[in-house]
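Enquirer: Structure incoming, see below.
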Amino acid sequence: MVDWSLARQVARLAAGSGERDGPDPDIESLCAEMEEHVAAYTSLRPGSPVPAPELVGREDWSALNIDSLAGMIDPVAARLERRLEFAGPLAGALQAGATATLAGEVGLVMGYVSTRVLGQYDVSLLGGDAPPRLLFVAPNLRKAVREMEIDHDAFHRWICAHELTHVFQFQGVPWLREHMSGLLREYVETLEVRIQKGAAGGLPSLPDPARLVEAFREGGLAALVQSPEQRALMDRVQAAMSVIEGYSEHVMDVLAAELIPDHESLRAAMDRRRRSRSAPQRIIERLLGFDVKLRQYEQGKRWADEVAARAGIEGLNRVWASPEALPTTDELQQPGTWLKRTEPPTLNAA
């Protein structure tokens with residue numbers, strides 16, 4: 001079994017505490033203000049109360065996401081351990097090294113990503129009854145404001161709008177959460193992991209987190225192996241996540257144009273920040289099998305902006321009619337094709 005306490009320990013080491021100087025935003029007031037605007041523009045209505053916003057540190061964020069990711073990794077690790085049983089007397093050592101490698105990699109990924117993430121609507125997609133949470137990583141908000149040299153109040157309103165849109169999507173579209181959960185469960189059921197050459201054998205019986213950090217910086221330790229069927233399934237996950245992220249990007253920009261002075265500069269600064277890709281994003285691609293954020297933001301936003309320009313928010317909201325209304329990978333590149341397919345009579349007849 002994977003030692004998730006090791007993953008959390010490594011994450012703490014990788015994350016650091018972040019910036020402590022500077023005031024925290026009044027995140028409750030800002031979210032309450034922006035919630036009204038998100039509701040008015042999207043016309044989505046959450047079926048349950050919007051979670052209270054929380055300011056958290058990097059350690060808390062990474063620990064929460066490690067716990068969530070454990071539901072995905074534990075079955076994969078169990079299959080890996082069974083594959084290593086062929087080694088006879090050496091099986092125990094190989095299994096311990098392999099699962100420690102997985103723990104180290106997950107901890108490193110989450111620790112480093114915790115240094116960049118600004119906000120997150122945390123909703124369990126792999127089982128469990130934990131209530132959703134609306135999180136904002138305080139030291140990263142302070143760092144972003146300083147590095148991008150932007151107005152902190154405007155920036156925080158903008159980020160609140162983005163995360164609140166996710167709340168309205170998952171709590172206002174009845175089928176969305178279960179649909180995404182089903183895709184991920186199907187993907188995980190047959191997923192296999194490959195330990196990079198020399199990684200498992202090179203780990204001590206009690207892994208040194210600092211040593212794992214160094215191995216991570218040299219290119220990572222573990223990768224997931226996808227079959228053609230899994231790659232096709234991941235294409236569907238990727239398309240759906242592009243819509244979810246792109247819709248939120250569209251909403252935050254529409255609201256910014258109405259509510260936030262000089263919002264164009266804010267968008268330009270955010271885009272520059274996102275393009276500065278680093279090792280954590282590349283490791284996530286190898287660990288999870290797809291580009292988790294950057295491509296989704298860019299491709300999804302282009303699609304959502306084009307659909308809304310042609311058909312308004314009412315046309316864009318057709319995407320929430322049913323799982324069948326989600327665009328394919330090809331339709332993300334051709335918004336007009338999607339609009340034609342989802343014209344109400346056509347969709348209803350289907």
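Enquirer: Based on what the data block shows, is Arg116 modelled with pLDDT under 95 and in a helix (DSSP H, G or I)? Spell out how you get there, then give the answer.
Expert: On the way: modelled with pLDDT under 95: yes; in a helix (DSSP H, G or I): no.
It is false that Arg116 is modelled with pLDDT under 95 and in a helix (DSSP H, G or I).
Enquirer: Scan the stretch 104-134 for residues that are under 18 Å from Ile27 (Cβ atoms) and among the β-branched types (Val, Ile, Thr) and report the count.
Expert: Residues flagged as under 18 Å from Ile27 (Cβ atoms) and among the β-branched types (Val, Ile, Thr) within the stretch 104-134 amount to 1.
Enquirer: When the residues of the stretch 164-181 are narrowed to those that are open to solvent by 10 Å² or more (accessible area, probe 1.4 Å) and free of Cβ contacts under 8 Å to residues at least 60 places away in the same chain, which ends up nearest to Ala257 (Cα to Cα)? Walk me through it before giving the result.
Expert: Step one: list which residues in the stretch 164-181 are open to solvent by 10 Å² or more (accessible area, probe 1.4 Å), which gives 166, 170-172, 174-175, 177-179.
Now restrict to residues that are free of Cβ contacts under 8 Å to residues at least 60 places away in the same chain: 170, 177-178.
Details: Phe170: 25, Arg177: 30, Glu178: 33 Å.
Of everything passing the filter in the stretch 164-181, Phe170 is nearest to Ala257 (Cα to Cα).
Enquirer: Would you confirm, using the coordinates I've provided, whether Val2 is farther than 16 Å from Leu141 by Cβ, modelled with pLDDT under 90 and either assigned to a loop (DSSP other than H, G, I, E, B) or of a type in the set (Val, Ile, Thr) (or both)? Even if it seems obvious, please write down each step before you answer.
Expert: On the way: farther than 16 Å from Leu141 by Cβ: yes; modelled with pLDDT under 90: yes; either assigned to a loop (DSSP other than H, G, I, E, B) or of a type in the set (Val, Ile, Thr) (or both): yes.
Yes: the conditions hold for Val2.
Enquirer: Criterion first (open to solvent by less than 20 Å² (accessible area, probe 1.4 Å) and modelled with pLDDT under 75) does Ala77 satisfy it? Talk me through it step by step, then tell me what you get.
Expert: Values: open to solvent by less than 20 Å² (accessible area, probe 1.4 Å): yes; modelled with pLDDT under 75: yes.
Judged against the criteria, Ala77 is a match.
Enquirer: Output the number of residues of the stretch 1-15 satisfying the condition of being out of contact with any Asp or Glu (no Cβ under 9 Å at 6 or more places or on another chain) and either within 17 Å of Glu149 (Cα to Cα) or open to solvent by less than 50 Å² (accessible area, probe 1.4 Å) (or both).
Expert: Residues in the stretch 1-15 being out of contact with any Asp or Glu (no Cβ under 9 Å at 6 or more places or on another chain) and either within 17 Å of Glu149 (Cα to Cα) or open to solvent by less than 50 Å² (accessible area, probe 1.4 Å) (or both): 2 in total.
Enquirer: Right, next: Could you give every pair whose Cβ atoms fall below 7 Å, whose first residue belongs to the stretch 5-29 and is on the phi < 0 side of the Ramachandran plot, and whose second residue is of a type outside the set (A, V, I, L, M) and open to solvent by 70 Å² or more (accessible area, probe 1.4 Å), counting only separations of at least 6 or pairs across chains?
Expert: Pairs that qualify, where the first residue is on the phi < 0 side of the Ramachandran plot and the partner is of a type outside the set (A, V, I, L, M) and open to solvent by 70 Å² or more (accessible area, probe 1.4 Å), are Arg12/Glu59; Ala15/Glu59; Pro25/His152.
Enquirer: Among helices (runs of 4 or more DSSP H) lying entirely in the stretch 154-269, which contain 1 or more residues that are at pLDDT below 80 and more than 25 Å from Gly111 (Cβ to Cβ)?
Expert: Details: elements: 176-189, 209-217, 228-259.
By residue number, 176-189, 228-259.
Enquirer: Checking Ala130 against (1) aliphatic (A, V, I, L, M); (2) out of contact with any helix residue (DSSP H, G or I) (no Cβ under 6 Å at 6 or more places or on another chain); (3) modelled with pLDDT of 80 or more; (4) open to solvent by less than 20 Å² (accessible area, probe 1.4 Å), which single condition isn't satisfied?
Expert: Evaluating Ala130 over (1) aliphatic (A, V, I, L, M); (2) out of contact with any helix residue (DSSP H, G or I) (no Cβ under 6 Å at 6 or more places or on another chain); (3) modelled with pLDDT of 80 or more; (4) open to solvent by less than 20 Å² (accessible area, probe 1.4 Å) leaves (4) as the failure.
Enquirer: Looking at Leu108, Leu84, which one is in a helix (DSSP H, G or I), crowded, with 18+ Cβ neighbours inside 10 Å, at pLDDT 75 or above and not β-branched (Val, Ile, Thr)? Talk me through it step by step, then tell me what you get.
Expert: Details: Leu84 fails: at pLDDT 75 or above.
Being in a helix (DSSP H, G or I), crowded, with 18+ Cβ neighbours inside 10 Å, at pLDDT 75 or above and not β-branched (Val, Ile, Thr) holds for just one of Leu108, Leu84, which is Leu108.
The values are calculated or read from the model by the stated rules, or taken from the named source; none is laboratory data. From a predicted model like this one, the values you see are computed outputs, not experimental measurements. Counting neighbours? That spans all protein chains shown, and the Cβs are built from the backbone with ideal geometry, glycine included. These accessible areas exclude ligands, DNA and RNA; they are computed on the full protein's heavy atoms, side chains included. Shrake-Rupley method; radii C 1.70, N 1.55, O 1.52, S 1.80 Å.
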